[in-house]
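Below is one structure, written out as structure tokens, with a few remarks after it.
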Amino acid sequence: MQLQDAVKAKICINRLTANYPLGDFVQWVEREQISLPLLMVLLERIQKELDAEATACGQLMNRYWCLYCGQVRAYYQAIIREPGREQALSFLLKE
């Protein structure tokens, strides 16, 4: 559960805005050497938690966290489906 908490903490950052770049998160995953299959399981769990929290409280920041988690999941799904797409998706990593 500690890794899931760490991943969620990286998703739920206070300075998050719409279209926030994925670069910091992707670099952190690489530094921590988190396997992509495990990461996808954790992101799925976190997405469900965030969706429930956003529904319950309806605050804008919670919605941004849901969106960001979805963007991170979509990025890694694309990488898993088509290895080598990192270069084509690099625009998502920049500010």
Taking the criterion of being polar (S, T, N, Q) and in a helix (DSSP H, G or I), would at least one residue in segment 59-66 satisfy it? yes
Scanning segment 21-44 residue by residue, the ones that are in a loop (DSSP other than H, G, I, E, B), aliphatic (A, V, I, L, M) and at pLDDT 90 or above total 1
Which residue, of GLN71, GLN47, is touching a Gly at 6+ places or on another chain (Cβ under 9 Å), modelled with pLDDT of 85 or more and in a helix (DSSP H, G or I)? GLN47
Starting from segment 36-51, take each residue that is under 20 Å from GLU82 (Cβ atoms) and list its partners that are of a type in the set (Phe, Trp, Tyr) and open to solvent by less than 70 Å² (accessible area, probe 1.4 Å), counting only C-beta distances under 8 angstrom and pairs at least six apart or across chains. LEU36/TYR76; LEU39/TYR76; MET40/TYR76; LEU43/TYR76
Sort out which residues of segment 32-82 are of a type outside the set (A, V, I, L, M), within 11 Å of LYS10 (Cβ to Cβ) and surrounded by fewer than 18 Cβ atoms within 10 Å (Cβ to Cβ), and write them in order of number. GLU32
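The values are calculated or read from the model by the stated rules, or taken from the named source; none is laboratory data. Just so it is clear, the model here is predicted, and its values are computed rather than measured. Note that each Cβ is placed from the backbone with ideal geometry, even for glycine, and that neighbours are counted across all protein chains shown. Ligands, DNA and RNA are stripped out before the accessible areas are found, and what is left, the full protein with its side chains, is counted by its heavy atoms. Shrake-Rupley method; radii C 1.70, N 1.55, O 1.52, S 1.80 Å.
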